[in-house]
1. Out of all the residues in the stretch B:170-179, is one or more away from chain A (no Cβ under 14 Å) and part of a loop (DSSP other than H, G, I, E, B)?
2. From the set of residues in the stretch A:211-225 that are within 20 Å of A:PHE256 (Cβ to Cβ) and either of a type outside the set (D, E, K, R) or surrounded by fewer than 16 Cβ atoms within 10 Å (Cβ to Cβ) (or both), which is nearest to the other protein chains (Cβ to nearest Cβ)?
3. For A:SER198, are the conditions met, namely being closer than 30 Å to A:ALA128 by Cβ, in contact with a His (Cβ under 9 Å, 6 or more places away or on another chain) and not basic (Lys, Arg)?
4. Quick one: in the stretch B:60-69, of everything that is loosely packed, with under 15 Cβ neighbours inside 10 Å and of a type outside the set (A, V, I, L, M), which residue is farthest from the other protein chains (Cβ to nearest Cβ)?
5. Looking only at the stretch B:75-89, which residues are touching a residue at least 40 places away in the same chain (Cβ under 8 Å) and buried (at least 17 other Cβ atoms within 10 Å of the Cβ)?
6. Which residue, of B:VAL99, B:VAL44, is surrounded by 18 or more Cβ atoms within 10 Å (Cβ to Cβ), without any contact (Cβ under 8 Å) to a residue 60 or more places away in the chain and part of a helix (DSSP H, G or I)?
7. Just checking, how many residues over the stretch B:199-219 are away from every other protein chain (no Cβ under 14 Å) and either surrounded by fewer than 17 Cβ atoms within 10 Å (Cβ to Cβ) or aromatic (Phe, Trp, Tyr) (or both)?
8. How many residues are within 17 Å of A:THR55 (Cα to Cα) and away from every other protein chain (no Cβ under 14 Å) when one looks only at the stretch A:226-273?
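The values are calculated or read from the model by the stated rules, or taken from the named source; none is laboratory data. The structure displayed is predicted, hence computed values, not measured ones. Neighbour counts run over all protein chains shown; Cβ positions are idealised from the backbone, glycine included.
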Amino acid sequence: MTVETRETRAARASASQDETPPGSTKIAVRDFNFYYGDHHVLHDITMEIPAKEVTAFIGPSGCGKSTFIRSINRMNDIIPGSRARGTLTLDEQDLYAPSIDVVALRRKVGMVFQKSNPFPKSVYENVAYGLRIGGVRDRRVLDELVEQSLQRAALWDEVKDRMGSSALALSGGQQQRLCIARALAVDPEVLLMDEPASALDPIATQKIEELIYELKSNYTIVIVTHNMQQAARVSDRTAFFMMGKLVEYDETNTIFMNPTEKLTEDYITGRFG
Amino acid sequence: MRHFDRDIEHLKELLLRMGAMVEDSINESIRALLERDTAVADRVIAADNAIDQMELEIDQHTIELIAKMQPAAIDLRFVAAAMKITPELERIADLAVDVCERATELNREPPLKPLIDIPQLARIAQDMVRQALDAFVRRDAVLARQVIARDDEVDILTERSFRELLTYMLEDSRNISRAIRLTFIGKYFERIADSATNICEMVVFLAEGKVIKHSNEGA
């Protein structure tokens, strides 16, 4: 390792620190509504998501939790006829203001999906992709950041000797962690995870959960999960959605031990319907 | 009905069966004492083994429930309450055995005096256990709090009975062994009432999710 590399690392490490203190509001949502054409999918959502904590969204299929998580980095914009009403702010900046640069927003708010979707490229290129688009050209800087991202995603040790191999040759769990590394490479502050472990076996799932736990010291994490026990294990706060409404939002301990709403209780104890 | 509900129902049945056995032991221990019936005392002592086995069975069932069902919310509180209530019931049964052992020893000598406070204390403790189990079955936090409030009554009676027995001891040293045995018996019933109080604290946790143990509330 050269001196330059260490300097680069130090510079990068300080640059990647989100200054928002843990627990203070990172994302604030006020009377937020969302529509797909005439279909009103989210109704008056109001909540605050704290920085550097894990917030889980739970609820039955079609309850709006995925739409909501996608609203946070405006992934729904690509769906024709979709529109939002109300406010959704990140660090007090309105994400739906006309002045918002959506590409910059998505760098700041990374996303990982249910089905891992690595590019049909090498492991290295998958992680370097966003950096190259972001204008990083220096090979040494790229090497450094790719390694750092893979380290953070707890994948480095498994792939360091096969950086040139196709990402599609990795196992499902490794592909998902590669996607997390790819999201981390562009230095986001918020990480949105839409069912990140639902297609993985228990061991790969556990690795993802461990990773979430480690990442929360630096990132604000929002996770959608169908697995109630996963929400209970990984999250600090849990929001329960039903039919497009936020039914209850509280500390995860409270939701799982003594929820206030009967609906929440029925859902998490499996007495639904 | 969920598969899980049947497991919870089964756990409840086991607890109630154990509760009934324990109530029997208290009843019979009071009878052994008041009627000076050593044969009854022997039966209570012999029955304790079945109660101990019941505790093991409930423990096993509860742990299996946690492992397989991962209960949450009200289900979790129910399972946690069951785990805390079972050893209280087992302890109550042990105390009934202790009463019977002291009663057997007392029956070998003439009565020291007519018993007044101790039978009253015993009836209150017995009542508290019965109501604690009722409160548990009905998930009734109001009843549970009423039972907890009766603990003061028990403390007063225990103290009064102790003072009275002390006068017998001071009066004539030949009274000491019997008076001490009766003091112990008073203490056993006081502890039975304490266990009933502990059960009721778990009932409040079950019903409301609130921990009132070691707090002023309900006490």
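1. Yes: one or more hits.
2. A:THR225
3. yes
4. Result: B:GLN60.
5. Answer for the stretch B:75-89, where residues must be touching a residue at least 40 places away in the same chain (Cβ under 8 Å) and buried (at least 17 other Cβ atoms within 10 Å of the Cβ): B:ASP75, B:ARG77, B:PHE78, B:VAL79, B:ALA80, B:ALA81, B:ALA82, B:ILE85, B:THR86, B:GLU88, B:LEU89.
6. On the way: B:VAL99 fails: without any contact (Cβ under 8 Å) to a residue 60 or more places away in the chain.
The match here is B:VAL44.
7. Final tally of qualifying residues: 6.
8. Residues that pass the stated criteria total 10.
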